[in-house]
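All remarks here apply to the structure that follows.
Coordinate-derived values only; no laboratory data. Since the structure is predicted, the reported quantities are computational estimates derived from the model, not experimental observations. Neighbour counts are summed over all protein chains in view; Cβ atoms, including those assigned to glycine, are modelled from backbone coordinates with ideal geometry.
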Amino acid sequence: MTVAAVIEAEGRYLVVEELAEGQRVFNQPAGHLEPGERLTEAVVREALEEAGVHFVPEHVIGLYRWINPRNDETHLRVAFAGHLNGSDPERTLDDPIIAPHWLSYGELLARRASLRSPLVMGCIDDHLRSCRYPLELLRDFE
């Protein structure tokens, strides 16, 4: 299971350029859930580790299933919308992150071949369609 932060400001989306399977690709700040971690905790952590930003999740955008055709792995992603509460520009970003970028929708479309997966635009398209579900949709049982 993975989480992703869809962060928009002034018509631009925060994405990270990273190395994946030997290719330079663009993705939302995203990553795997760690043992014992809540989904909202994971997305906050991933945004900090991959983009150096303090993300505050406000809504669930959607749940996405994708089967990677290169290796038949199934990915389940929970995407969150929210806002930033500052950044840590001196923070060392996770390896294999190259750099964070703020790109417009058009710039992302122009890089469609370089997106890590179709989930990237799927989450942004749903964000633009105002798909917003309360965080209470996610329930943790310990």
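How many residues does the range 44-56 contain that are in a strand (DSSP E or B), within 22 Å of Leu115 (Cβ to Cβ) and not aromatic (Phe, Trp, Tyr)?
Final tally of qualifying residues: 1.
Would you pick out the residues in the range 34-63 that are of a type in the set (Asp, Glu), in contact with a strand residue (DSSP E or B) (Cβ under 6 Å, 6 or more places away or on another chain) and surrounded by 15 or more Cβ atoms within 10 Å (Cβ to Cβ)?
Of everything in the range 34-63, those that are of a type in the set (Asp, Glu), in contact with a strand residue (DSSP E or B) (Cβ under 6 Å, 6 or more places away or on another chain) and surrounded by 15 or more Cβ atoms within 10 Å (Cβ to Cβ) turn out to be Glu46, Glu50.
Looking at (1) under 21 Å from Ala51 (Cα atoms); (2) of a type in the set (A, V, I, L, M, F, W, C); (3) surrounded by 14 or more Cβ atoms within 10 Å (Cβ to Cβ), which is the one condition that is false for Trp66?
(1)
Scan the range 84-110 for residues that are surrounded by 12 or more Cβ atoms within 10 Å (Cβ to Cβ), in contact with a Phe, Trp or Tyr (Cβ under 8 Å, 6 or more places away or on another chain) and assigned to a strand (DSSP E or B) and jot them down.
Passing the criteria: Leu84, His101, Trp102, Leu103, Ser104.
Can you name the residue in the range 1-43 that is assigned to a helix (DSSP H, G or I) and in contact (Cβ under 8 Å) with a residue 24 or more places away in the chain and is also nearest to the chain's Cα centre (by Cα) among such residues?
Filtering the range 1-43 for residues that are assigned to a helix (DSSP H, G or I) and in contact (Cβ under 8 Å) with a residue 24 or more places away in the chain, the one nearest to the chain's Cα centre (by Cα) comes out as Val43.
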